[in-house]
Structure formats: structure tokens, C-alpha cells
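Taking it in order: structure first as C-alpha cells, then the write-up.
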Amino acid sequence: MLKRGLIFTYGVVSYAIFFLTFLYAVGFIGNLVVPKTLDSGPRGPLWQALLVDCLLLGIFAVQHSVMARPWFKRAWTRLVPDSAERSTYVLFSSVALIAVFAFWQPLGGVIWNVQESALRTVLYFMFGLGFGIVLVSTFLINHFDLFGLRQVWLQLIGRPYTQLPFGTPLFYKYVRHPLYVGWLLAFWATPTMTAAHLLFAIMTTGYILVAIRFEEKDLVSAHGSVYQTYRENVPMLVPRITSSATSEQEPSAVA
């Protein structure tokens, strides 16, 4: 029982770190409130800033993608309990993001700066909408499973973990990856696009497009023809006027 309690505590702490990191990301990307943002901090040589920023985003991308793959999970769970695998992934992802926040270097330069107040308001609204879509989407796919709390709770009460069924609730009826749609809105919707913000947006967009290929390969392996049919009928990121889906829950918690 002590081991179960420790694993549960570990899962809760990992989730708390994630949630604080998520809140900080809103301010970091939006240049709001928090002490360090995309465009704050001392400015050094351009080549050094580019190297550091690209390295930080590269580390996050590799960690976030590799640790999500089934082959890595199989190997990793030889070292950590199955019930703590997701919490460990969440914790490592948070640490990689915290490193981005801490060591990010501004680049200087402005790509665009919207002055008209109504349009600035619209862009800030889209920025907030992006984060809202991200958060709502996590609850549609079972927020607590996605971030490891369901796993550590089930092991605490001595119940076996069961995979979530394939499904397509709400946003998932119109696009296959609403989480990524939300992130893209949050990354690109800004009234002031600086060089550092543009680098961040381009690199994270590139990562998303690559990550989707790996995730969908895993989803086909996990759900077979059901996911293949879903992929044929529902667009990836840009919704159509009409779309079809196959059930009432999210297709996966792979990512």
C-alpha cells in the first residue's frame, strides 16, 4: 500500500507541475504577466540566440515525440511501473518546457505589429481561444487519463488499467487533431509578431506536422480499420463544412 501511495503522490505532483507549466506557457507565448517571455531577457549575439532557441525546441520535440511511442513505452516500463509511465512522460515534458522558458533568448526585430485596436482584440481573442480549445480537447479525450492521474488512481485502489475506447466527441467530429489546432492558434495569433515569436511558431508548427504522422501510424496500429475509416472521413486540422465520425469518444491518448 505504501508503494501505491508513493506512485499516486508522484502522479499528482507530476500533474501539478504540468498544470503550472501550462499556465506559464500562456504568459510566455503571449508576453503576458510572467517574468520571462518569448521577447524578454538580455539580448546576445543573434547566432547564439538562434542556436540556443533551436536546441531548446529540438530537445522538447525529441522528448515529447520519442517518449510517446509504443516501442519506447515498452522499454521504459522495465524501469518504471506501468501506472507511472504516463506521469513520467508528463513530468519530463514539463521539465523540457521549463528549460525553454528559463533559457530562451530573444532575437529582436518585429515582423508585424498590428496597431488597430479592434484587430488587436480579435488576435488576442484567437490566442485565448487556442488555449481554450487545447484545454477543452483534453477533457473530451479524458483529461485525467491523458495526464496520468487516472492510471495512478486505479493502481491506488487496486483496479487494473483499461484502455479508453475509440471515439470522436465534439471537436473530433470535425478535425482529427483539435489539440493541435488549438496550439497553432495560440502560437500564431498575436498582434505583435517578433523574430523570436516567429521562430517559435515555425518550429513548433513543423514539429506538429511531423508528430501527427507518427501519432496516426500508432493510432492505426492500435485501432486498425476503425481509425483508417475515421482518417478518410475527417480532415486533419482544417474542418470541412460536413464531417463524419464513428463514435462518442476520443480516438486515443497516444500523444
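Things to note:
- Options 60, 28, 19: the member that is under 30 Å from residue 220 (Cβ atoms), assigned to a helix (DSSP H, G or I) and aromatic (Phe, Trp, Tyr): 60
- Given (1) closer than 18 Å to residue 146 by Cα; (2) modelled with pLDDT of 95 or more, index of the condition residue 191 fails: (1)
- The set of residues in region 20-56 that are small (Gly, Ala, Ser) and surrounded by 15 or more Cβ atoms within 10 Å (Cβ to Cβ) comprises 25, 27, 30, 41, 49.
- The residues on offer are 144, 131, 125, 171, and the sole one that is among the aromatic types (Phe, Trp, Tyr), assigned to a helix (DSSP H, G or I) and out of contact with any helix residue (DSSP H, G or I) (no Cβ under 7 Å at 6 or more places or on another chain) is 125.
- Pairs meeting the criteria (first residue in region 171-191 and more than 13 Å from residue 205 (Cβ to Cβ) and in contact (Cβ under 8 Å) with a residue 60 or more places away in the chain, second residue among the hydroxyl-bearing types (Ser, Thr, Tyr) and assigned to a loop (DSSP other than H, G, I, E, B), beta carbons under 7 Å, at least 6 apart or on different chains) are 173/243; 174/243.
- Count of region 184-234 residues which are assigned to a helix (DSSP H, G or I), touching a Gly at 6+ places or on another chain (Cβ under 9 Å) and over 23 Å from residue 49 (Cβ atoms): 2
- Counted residues, region 67-81 - those being assigned to a helix (DSSP H, G or I) and surrounded by 14 or more Cβ atoms within 10 Å (Cβ to Cβ): 3
- Residues of region 200-232 satisfying the condition of being under 26 Å from residue 26 (Cα atoms), surrounded by 15 or more Cβ atoms within 10 Å (Cβ to Cβ) and touching a residue at least 40 places away in the same chain (Cβ under 8 Å): 200, 203, 204, 207, 211, 215
- So residue 118, is it part of a helix (DSSP H, G or I) and either closer than 25 Å to residue 41 by Cβ or acidic (Asp, Glu) (or both): no
- Which numbered condition residue 144 misses (of (1) closer than 19 Å to residue 94 by Cβ; (2) surrounded by 19 or more Cβ atoms within 10 Å (Cβ to Cβ); (3) over 13 Å from the mean Cα position of the chain (by Cα)): (2)
- Residue check for residue 109: surrounded by 14 or more Cβ atoms within 10 Å (Cβ to Cβ) and either under 24 Å from residue 31 (Cα atoms) or touching a Lys or Arg at 6+ places or on another chain (Cβ under 8 Å) (or both): no
The values are calculated or read from the model by the stated rules, or taken from the named source; none is laboratory data. Just so you know, these numbers come straight off a predicted model, no measurement behind them. Heads up, the Cβs are rebuilt from the backbone with ideal geometry, glycines too, and the neighbour counts pull from every protein chain shown.
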